[in-house]
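Okay, structure first, notes after.
The values are calculated or read from the model by the stated rules, or taken from the named source; none is laboratory data. Please read these numbers as outputs of a predicted model, since none were measured by experiment. Glycine gets a Cβ as well: all are built from the backbone with ideal geometry, and neighbour counts include every protein chain shown.
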Amino acid sequence: MIFRNKKYMIVLGILILSIVVVYFSALDRENTLAYDNAVGYIVEPVAKLFNSVAVGTSDFFTYFKDKKDLVNENQKLDNKLMELEHNNSKLKSLEIENERLRSLLKFKEQNPEHKLSACTVISKDTSNYYSTFLLDKGTNDGIEKNMPVVGAKGVIGYVVEAGAGFSKVQTVIEGGSSVGCVVTRTGNTAVCEGNTALLKDGLMTMIYVSKEMNLVEGDIVETSGLGEIYPAGLVIGRVKEIKTQPITKTQYAIIQPIENFDFIREVFVITNYQKIR
């Protein structure tokens, strides 16, 4: 009987021990789960924060990299645009130069009676509205004092000084210069002369204009050949305005020269007109 009771006690003890083990095992799992939950509660926001910072930092550097690439690309485009503008400017300059040279060639072909020496302007007197300038040829090239100087359209001036390798030209608009002229439309003669008051505007006057001449604005005026320097038939300019002297009541005209003295680059010197030297 006692043995049987011991046997029951052993079985009961084992059963109780098993229950205790199971209980504490379950308790440990609950504690572990609670711990994990607590840790997760604390760590998860921090992890999210670091993840956001990492993503933000990546986006930050990506932004600046993209911006740098964009700046570099814009710089390349700006450089390309500047290059194209430079090339376009050079092309336009060449076109203008070619047009001037073609005009000079045309003038030469239309005036075979004149022996022409092509010259390049190397210096201008900017202080006096381009009324004088220097050419790259002189006596070594057959250029002499008082030789007429013309452009592609007509009269420019004449040589007032000739050195071995240069010559100085005075334009027709210089105050005190004069040119015998004729109105192409009517054949009436007069005199064109430089006027100091009009020099800054690149204009000159025509005097000895009578009312009987029936002069009108736009009339072409050319050299008459009656002066001492210029041969006949060279265009001087056009009548810009007709005026009357307030005291003498005589007429005179404002002449717009055919040549623009601001843009003279190449000229011809007529070397075979020997009327006076």
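Annotations for the structure displayed:
- Close pairs from the range 96-115: first more than 12 Å from Lys153 (Cα to Cα), partner modelled with pLDDT of 75 or more and not in a helix (DSSP H, G or I), Cβ under 6 Å, at least 6 apart: His114/Ile270; Lys115/Thr271; Lys115/Asn272
- Highlighted here are the strands (runs of 3 or more DSSP E) found entirely within the range 74-155 that include at least 2 residues which are among the small types (Gly, Ala, Ser) and over 23 Å from Asn195 (Cα atoms): 116-124.
- Condition met for Val239 (in contact (Cβ under 8 Å) with a residue 24 or more places away in the chain and closer than 11 Å to Cys192 by Cβ): yes
- Test result for Lys249, among the basic types (Lys, Arg), assigned by TED's automatic domain parsing to the domain that holds Ser177 and touching a Phe, Trp or Tyr at 6+ places or on another chain (Cβ under 9 Å): no
- Qualifying residue in the range 181-194 (condition: touching a Ser or Thr at 6+ places or on another chain (Cβ under 7 Å), at positive phi, exposed (fewer than 15 other Cβ atoms within 10 Å of the Cβ) and among the small types (Gly, Ala, Ser)): no
- Out of Gly176, Gly180, one residue alone is assigned to a strand (DSSP E or B), in the same structural domain as Val216 (by TED's automatic domain parsing), over 31 Å from the mean Cα position of the chain (by Cα) and within 30 Å of Glu212 (Cα to Cα). It is Gly180.
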